[in-house]
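The values are calculated or read from the model by the stated rules, or taken from the named source; none is laboratory data. Not measured: the values here are computed from a predicted model. Positions of Cβ are backbone-derived with ideal geometry, glycine not excepted, and every protein chain shown enters the neighbour counts. Keep in mind that these areas ignore ligands, DNA and RNA; they rest on the heavy atoms of the full protein, side chains included. Shrake-Rupley method; radii C 1.70, N 1.55, O 1.52, S 1.80 Å.
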Amino acid sequence: MNKHRKYIVLVLLLFVLTACSSDKEDTTEAASEKTADAPEEESIEEEVAAKTEANEYKPKEIEYYELTGTARPLTDYEKELLRKPGPYSGDNYDEAAVQAELDKLPADLTTEQYTEEMIHLLVEDYHEEVEIFVNFNSEVETSVASPDGSINQPEMKTAHYAILIDASGSMAAETSGKTRWQAAQEAVTEFAEQIPENATISLRVYGHEGTGSDADKALSCESTESFYNDQYEAETFKTALNKAKPAGWTPIALGLETVKEDIPESADESIVYVVSDGIETCDGDPVKAASELVDADIQTAVNIIGFDVDNEGQKLLKDVATAGNGEFVYVGSETQLKDYMREQYEQLEKEWREWKEEGKKQSREIKEEKKALARETKESMKDKSRQEKERLKAAQEYLEDRFDDYDHPARKTFSPIVDYANEKWSYAVDIGNELWSESVKSGNDEWSDYVDEGNEKIQDARDKKNDQ
């Protein structure tokens, strides 16, 4: 019985040892398998991480045009409008290509990111329109040669009027109750009042010293003096004109030779008026002097007003005027002198009328050019923004269809893209209309200035003419 029991115990012991050995082998094998699998699991995790990093969303880099030296600083919004166009903007639009680009976008972007991606693909080029707007000058500025210089007179402001008056003794003779000298003074004064305001005028007399005697001939024939040379000022000019009295001989040639000293170097043209009642009596050559005067660098015309001149004197003075590229006018009385001066006023009246009409014409033309530029730029930008909006809406609709989730960020991009395009449309309308209106106002103001001032000057010349 004991022997049998020992045998049973021995069998049980062997069974336990075998079981423990088996468990140990299983545990060791499992540990071995786990150790062998570890490198493979780690490799998979790294691969997943690498793919995630590769697919991570990166916003597109935005590029802008640069504008330098603009007429005014750009606003922040205008700076944003200088964004360079998208790859599918303008004539490069390809709806299928746009949709292919949208298919590449991750499903976890924000509304702002989806909006930016569509804008990046389709934004139009507005930099030319912005450049026109920021440099737009709505001032209508004309350039008409003005008889009085109040509105741009590049030619008339450099004109010089040189008046030469014969102060020989014969000018003291009376005609129609006045001496020739007094009549000449009045006519010259009235004419001086009508010259362009920014022109200059000089007053020179000759033959005013000595007497008409042979003993004083040398003195008188060498006498010429400038009494005035400036812009016209009534009282000062009148005072200067009263300094001389009729006295001696008639050195017309000397007056023409020395009048060169009275013409400013800055003058573009000069008009010389010679008032005389006789021929050259000092052995000079007035025809030669007049010819040399007009041969100088400055454009000059010599006009001769002959006062009670005999036939011989008329012929000589006419030759002088011809040599001086001017005209000879014979006046036998104060009435005829005034008739001549009236013609001069009529010419001034005509010049003012032409000035006014040319100013009106230029004002209207420049205004219309500026209006057209403002309108065309506005319409160009409106067309681009309208096209941009329609293409963005098409892209948004396609992107929205990708996602079934009603609350997905891609389904909330409609309003942002519409607002984005509408803001450009509004900018174009506001700025374009503002510049258009400013151009209209400036052009109308310039037009009115010509009308008002022209009418005033025409009436002044007409009144002076009628006073003769």
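Summary table below
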read-out: Test for residue 348: is it in a helix (DSSP H, G or I), modelled with pLDDT under 80 and closer than 30 Å to residue 448 by Cβ; value: yes
read-out: Selection count where residues are closer than 24 Å to residue 409 by Cβ, open to solvent by less than 50 Å² (accessible area, probe 1.4 Å) and assigned to a helix (DSSP H, G or I), scope region 72-99; value: 2
read-out: Condition met for residue 276 (of a type in the set (Ser, Thr, Tyr) and closer than 15 Å to residue 181 by Cα); value: yes
read-out: In region 281-302, the residues that are of a type in the set (S, T, N, Q) and open to solvent by 20 Å² or more (accessible area, probe 1.4 Å); value: 281, 291, 299
read-out: Failed item, numbered, when residue 43 is tested on (1) of a type in the set (Ser, Thr, Tyr); (2) open to solvent by less than 80 Å² (accessible area, probe 1.4 Å); (3) modelled with pLDDT of 95 or more; value: (3)
read-out: Residue among 348, 399, 392 that alone is over 29 Å from the mean Cα position of the chain (by Cα), within 30 Å of residue 458 (Cβ to Cβ) and not aromatic (Phe, Trp, Tyr); value: 348
read-out: Of all residues in region 414-443 being open to solvent by 70 Å² or more (accessible area, probe 1.4 Å) and among the charged types (D, E, K, R), the one that is farthest from the chain's Cα centre (by Cα); value: 419
read-out: Selection within region 200-257 - of a type in the set (Asp, Glu) and in contact with a strand residue (DSSP E or B) (Cβ under 8 Å, 6 or more places away or on another chain); value: 209, 216, 225, 230
read-out: Qualifying residue in region 271-280 (condition: among the charged types (D, E, K, R), surrounded by 22 or more Cβ atoms within 10 Å (Cβ to Cβ), more than 24 Å from residue 343 (Cα to Cα) and out of contact with any His (no Cβ under 7 Å at 6 or more places or on another chain)); value: yes
read-out: Single residue of region 227-260 satisfying the filter (farther than 16 Å from residue 209 by Cβ and of a type in the set (Lys, Arg)) that is most open to solvent (accessible area, probe 1.4 Å); value: 238
read-out: Candidate set from region 354-411 (those that are among the small types (Gly, Ala, Ser) and open to solvent by less than 30 Å² (accessible area, probe 1.4 Å)); member that is farthest from residue 447 (Cα to Cα); value: 410
read-out: Residue check, residue 326 over 24 Å from residue 461 (Cβ atoms), of a type in the set (Gly, Ala, Ser) and at pLDDT below 85; value: no
read-out: Residue satisfying all of: in region 115-157; among the polar types (S, T, N, Q) and buried (at least 19 other Cβ atoms within 10 Å of the Cβ); modelled with the highest pLDDT among these; value: 115
